[in-house]
Amino acid sequence: MMLRRGFLVFLPRLAGLLVVACCSVSIVYMLACTPKGDDEQLALPRAHSPTDKEEYEAVLQEREEQHRDYIVSLKKQIAQLKAELQGRNEQLKNMQEQFPDSLDVHLDHSNPAKVQANLLAFLRSQIAKAEVHSGFKLSTEYAVVPFESFTLQKVYQLETGLTRHPEEKPVRRDKRDELTEVIELALGSLNHPEADSNARQRVFTASDFVEGIYRTEKDKGTLYELTFKGDAKHQFKKMVLFRPFGPVMKVKNENVNMADTLINIIVPLAKRASKFRQFMQNFREMGIQQDGRIHLTVVYFGKEQMNEVKSILENTSKSANFKNFTFIQLNEEFSRGKGLDIGARVWKGNNVVLFFCDVDIYFTAEFLNSCRLNTQPGKKVFYPVLFSQYNPSIIYGHHDSIPPLEQQLIIKKETGFWRDFGFGMTCQYRSDFINIGGFDLDIKGWGGEDVHLYRKYLHSNLIVVRTPVRGLFHLWHEKRCPDELTPEQYKMCMQSKAMNEASHGQLGMLVFRQEIETHLHRQKLSSKKT
């Protein structure tokens, strides 16, 4: 009974405690869920608060306006970002049209900043890969990339080019502009140092330039080291610059079909029947048998040996079943330019590639393809640099016999040289030759007409492709210097003859032959005594 009475007494107290706990939880919940005040969120009056209805609507309207303003601001920012993105895409598109995708650094339309960063990193890596800050181990002395030196007026060069001058005022515009730009850039850097200084800076001018050296690593860039006068005697300013080469850019990728591209080989000739027989052997093998897309035009001057020449041509035609030839005979003094001009103009077919050739030239089928591939009507003409053969009697004088012609045609410094001063062998479309005005017909004899035509092409908008080719040879023949030449002309003729006879070393062996034989004789006697 007592336990039951105690339980009944405790029950109301327990109920009271539960009510108090529930009320406390409700209060905590209401406090936690009430919107924050301050700057984070504007407090709204609760639905059952005694706040007036007008005050509640005013607060709602204020919050709605704030949200509306925020949305308008976001829309403006989005529109600006879209416009900027479109502008960047247009810039990238224009850049890719001018410079198609690099084979190494690919352009990504979606991330122009990354493209710029990649390109800058590539250019910086070129400096790291080049021999700028430290040297590299080289296998032989032939692997060295030499420097060339220069002053304000002259360049001192190992690769002399066509002028053959070891020192010269730069003739080529690109080299002249390159060195001028480098000196100006160095002066600008010296006169505007990066470090801020209140001290008065000396103004450097071009007269302070002492000398510079530069060299180009073809796959990395050009290094320039420039020396300027310093602030006192025996003091100098040294400036090192590097022009990095950018990544390789793809310009064009096209299929070229030369199956129907005909070449008209035009040969002016007077006498020289034996040379013409040798030429026709080469023409039959390379032109008729191997290539097959060829026409021959022979322009013959005079009547001496003409029947022999015609007979050689007709025999080749019959034996090789070859009908694509034209023979033109002129009763006048030989003129190479006039012969080539007439041979080009007499053609009545479609536009054709013209190959101006001489009778002492040997060509391969590969060269004929090069002739086609490096010409384009209204766009390109081809001026190959042929390999000129030395006198076989000197080259093979120590041999038992002179080898056959095909075995002599080896490109080595002992067997010949690149005839980079000759412009007579050239390939171009007939339309370009006619449009340029053809040859100067006032030039008589042999020589001069080729340079005149070459300069015409250089002065036009056509691309002149000038390169050494491995399949075009000038066969040696004796050069005669007539007595009627002036002393100066005779001297020049003999110098040209010497250059065509043999290499410097081989001519030296001829000059010192007696001395060499005496030495060998002494060696032989000495060996017998021992």
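The values are calculated or read from the model by the stated rules, or taken from the named source; none is laboratory data. Computed from a predicted model, the values in this text were never measured in an experiment. Glycine also receives a Cβ, built like all others from the backbone with ideal geometry; neighbour counts cover every protein chain displayed. Note: areas computed on protein heavy atoms with side chains; ligands, DNA, RNA excluded. Shrake-Rupley method; radii C 1.70, N 1.55, O 1.52, S 1.80 Å.
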Looking at 521, 474, which is the one that is under 38 Å from the mean Cα position of the chain (by Cα) and not small (Gly, Ala, Ser)? 474
Looking only at region 119-156, filter to residues that are open to solvent by less than 50 Å² (accessible area, probe 1.4 Å) and assigned to a strand (DSSP E or B); which one of those is nearest to residue 217 (Cα to Cα)? 148
Evaluation of residue 298 against (1) open to solvent by 10 Å² or more (accessible area, probe 1.4 Å); (2) part of a strand (DSSP E or B) (one fails), failing number: (1)
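Per-residue answers, yes or no, for (1) assigned to a loop (DSSP other than H, G, I, E, B); (2) aliphatic (A, V, I, L, M):
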| residue | (1), (2) |
| --- | --- |
| 383 | no, no |
| 386 | no, yes |
| 400 | yes, no |
| 410 | yes, yes |
Cβ contacts < 6 Å: first residue within 18 Å of residue 414 (Cα to Cα) and among the acidic types (Asp, Glu), restricted to region 484-501; second residue open to solvent by less than 100 Å² (accessible area, probe 1.4 Å) and not in a helix (DSSP H, G or I), any location; separation 6+ or different chain. Result? 501/391
Name the single residue that is nearest to the chain's Cα centre (by Cα) among those in region 343-368 being over 30 Å from residue 404 (Cβ atoms) and open to solvent by 50 Å² or more (accessible area, probe 1.4 Å). 351
Of the residues 414, 517, 488, which single one is open to solvent by 50 Å² or more (accessible area, probe 1.4 Å) and either in a loop (DSSP other than H, G, I, E, B) or aromatic (Phe, Trp, Tyr) (or both)? 414
I need the full set of residues from region 391-411 which are farther than 18 Å from residue 503 by Cα and aliphatic (A, V, I, L, M), in order please. 405
Selection status of residue 510, over 36 Å from the mean Cα position of the chain (by Cα), in contact (Cβ under 8 Å) with a residue 24 or more places away in the chain and outside the structural domain of residue 391 (by the TED database): yes
Considering region 312-342, residues that are in a loop (DSSP other than H, G, I, E, B) and open to solvent by 30 Å² or more (accessible area, probe 1.4 Å), and then whichever is nearest to residue 285 (Cα to Cα), we arrive at 321
Can you pull out the residues in region 234-253 that are open to solvent by 30 Å² or more (accessible area, probe 1.4 Å) and assigned to a loop (DSSP other than H, G, I, E, B)? 234, 235, 245, 246, 248, 250, 251, 252, 253
Within 25 Å of residue 351 (Cα to Cα), outside any loop (DSSP other than H, G, I, E, B) and in contact (Cβ under 8 Å) with a residue 12 or more places away in the chain: is that true of residue 256 in this structure? no
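Results for (1) modelled with pLDDT under 90; (2) more than 30 Å from residue 421 (Cβ to Cβ); (3) assigned to a strand (DSSP E or B); (4) open to solvent by 80 Å² or more (accessible area, probe 1.4 Å), shown as yes or no for each residue.
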| site | (1), (2), (3), (4) |
| --- | --- |
| 165 | yes, no, no, yes |
| 180 | no, no, no, no |
| 186 | no, yes, no, no |
| 199 | yes, yes, no, no |
| 223 | no, yes, yes, no |
| 232 | yes, yes, no, no |
Going residue by residue through region 456-469, is there one that turns out to be under 30 Å from residue 351 (Cβ atoms), in contact (Cβ under 8 Å) with a residue 40 or more places away in the chain and assigned to a helix (DSSP H, G or I)? yes
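In region 355-369, which residue that is part of a strand (DSSP E or B) and either of a type outside the set (A, V, I, L, M) or not assigned by the TED database to the domain that holds residue 411 (or both) is nearest to residue 474 (Cα to Cα)? Before the answer, list the steps.
Start the filter on region 355-369 by keeping residues that are part of a strand (DSSP E or B), which leaves 355-356, 361-363.
Adding the requirement that they be either of a type outside the set (A, V, I, L, M) or not assigned by the TED database to the domain that holds residue 411 (or both) leaves 355-356, 362-363.
Numbers: 355: 15, 356: 13, 362: 6, 363: 9 Å.
Checking each candidate, the answer is 362.
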Of the conditions (1) at pLDDT below 85; (2) closer than 14 Å to residue 337 by Cα; (3) open to solvent by 30 Å² or more (accessible area, probe 1.4 Å), residue 477 satisfies every one except a single condition; which number is it? (2)
(1) modelled with pLDDT under 80; (2) closer than 24 Å to residue 227 by Cβ; (3) within 20 Å of the chain's Cα centre (by Cα): which one isn't true of residue 145, the others all being true? (1)
